[in-house]
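The values are calculated or read from the model by the stated rules, or taken from the named source; none is laboratory data. From a predicted model like this one, the values you see are computed outputs, not experimental measurements. Neighbour counts are summed over all protein chains in view; Cβ atoms, including those assigned to glycine, are modelled from backbone coordinates with ideal geometry.
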Amino acid sequence: MSTQSGIAADQALLDSLNENLSAAGTVIVIAKISPDSTSVHQLKVTHDLDQLIQLASQDKEPLYIFYKSQGAAKYFFVSFIPDGSPVRSRMLYASTKNTLARQVGSNSLSTEQPLITDAQDLADLKDFCSDRPVAQNKPLTQDEKMQIEINKQQALLRKNNSIKLVSQDSASPSTLTFRVSSEKPVKDIFSNDGKNLIIFQIDPLDETIQIVQLETCPSVDALRIDLPGPSYAIFKHLDSNFFIYSCPSGSKVKDRMIYASNKNGFINYLKNDQKITFRKIVEIGDFVELDKSSLSATNEEDGPDHGSALDQQNNGSLRFNKPKGPLRKRRT
């Protein structure tokens, strides 16, 4: 059970919230805890979001914000607690929030009660709408916004018959297109051209998967992947094929998300359409993390695609010996 501060809203604030609930247009009621920490009082009522952002940026003190968009029937109750505010203020505002929400009442408040720590993020309040599902009203992190944008772009690509990028939620291999300068299928490159290393990357302009390197590696030790950003690679050693997904440190967040979400679909395309089977599927960060001994394993347990699920978690990790514990002191 959370600790309550004993601080309650004064009647003037409650009356103002009731009166403005039926007002037309956008209404923003700003409140704060009194200097003597005995009550929550109204600081300002405004209809301009920019005024709210300016006030929050100047004072850099915690605030309670009741935001009602045009046409909405309830307030969004926002706790604004900026980074760097005093610990005592943080504790008071956190422990008073539930009491204040009960006083205002659930009939006047949306179920969403977000916490915002940056004044500039208050601009996102204009996108809040009481008619949308609750989950959509939460302020999104940068990664979440990026993932939404990626999903939108992939949806548009799937509608276009000429440019399609395979998606992790689409198992159909026919949704993938990529360009090869030789115009040869992947399976023919190994059999006819004598190459045993093919490296793929996603073209950021049209988001198609393309072959960027064709190499001949005389041995496992000669294998090298040194490209900026993530990549997919197929390495053929003896009669075995290995799929290597590399995502080096310093890669952009958007690139990481695109490659990770399309890896499984690309593997399915290679298996189903190109009839390429893999002994192992390996995930690594920087190339130095690759355990090359895993690419030369020939024991019978390593059948086609053996260890795919396990290797995705473990093969890209460096291996360390378990450290020994401290030696016991001898008794004399």
Legend entry - Failed criterion for Arg90 (all others in (1) over 32 Å from the mean Cα position of the chain (by Cα); (2) farther than 24 Å from Asn107 by Cα hold): (1)
Inset, instruction - Could you look through region 192-231, keep only residues that are of a type in the set (Val, Ile, Thr) and not in a loop (DSSP other than H, G, I, E, B), and pick out the one that is surrounded by the fewest Cβ atoms within 10 Å (Cβ to Cβ)? - result: Val212
Legend entry - Selected residue [out of contact with any Pro (no Cβ under 7 Å at 6 or more places or on another chain), crowded, with 20+ Cβ neighbours inside 10 Å, at pLDDT below 85 and of a type in the set (Asp, Glu)] from Asp311, Asp305: Asp311
Legend entry - Hey, Ile281 closer than 22 Å to Gly194 by Cβ and either surrounded by fewer than 20 Cβ atoms within 10 Å (Cβ to Cβ) or at pLDDT 85 or above (or both) or not: no
Inset, instruction - Check whether at least one residue in region 68-86 is of a type in the set (Gly, Ala, Ser) and in contact with a Phe, Trp or Tyr (Cβ under 7 Å, 6 or more places away or on another chain), and report yes or no. - result: yes
Inset, instruction - Restrict the check to region 243-254 and report whether at least one residue is more than 13 Å from Gln201 (Cβ to Cβ), at pLDDT below 90 and either of a type in the set (Phe, Trp, Tyr) or in contact with a Leu (Cβ under 6 Å, 6 or more places away or on another chain) (or both). - result: no
Inset, instruction - May I ask you to verify whether Asn107 is more than 15 Å from Leu122 (Cβ to Cβ), surrounded by 13 or more Cβ atoms within 10 Å (Cβ to Cβ) and over 29 Å from the mean Cα position of the chain (by Cα)? - result: no
Legend entry - Count of residues meeting criterion [over 19 Å from the mean Cα position of the chain (by Cα), over 14 Å from Val282 (Cβ atoms) and in contact (Cβ under 8 Å) with a residue 12 or more places away in the chain] in region 237-264: 1
Inset, instruction - Just need a number here: residues in region 91-110 that are in contact with a Ser or Thr (Cβ under 9 Å, 6 or more places away or on another chain) and more than 16 Å from Asn20 (Cβ to Cβ). - result: 9
Inset, instruction - Give the number of residues within region 211-236 that are touching a residue at least 24 places away in the same chain (Cβ under 8 Å) and over 25 Å from the mean Cα position of the chain (by Cα). - result: 11
Inset, instruction - Give me the pairs, please: first residue somewhere in region 265-288 and over 15 Å from Pro185 (Cα atoms), second residue anywhere and surrounded by 21 or more Cβ atoms within 10 Å (Cβ to Cβ) and of a type in the set (Gly, Ala, Ser), beta-carbon distance under 7 Å, and either six or more positions apart or on two chains. - result: Ile284/Ser246; Phe287/Ser246
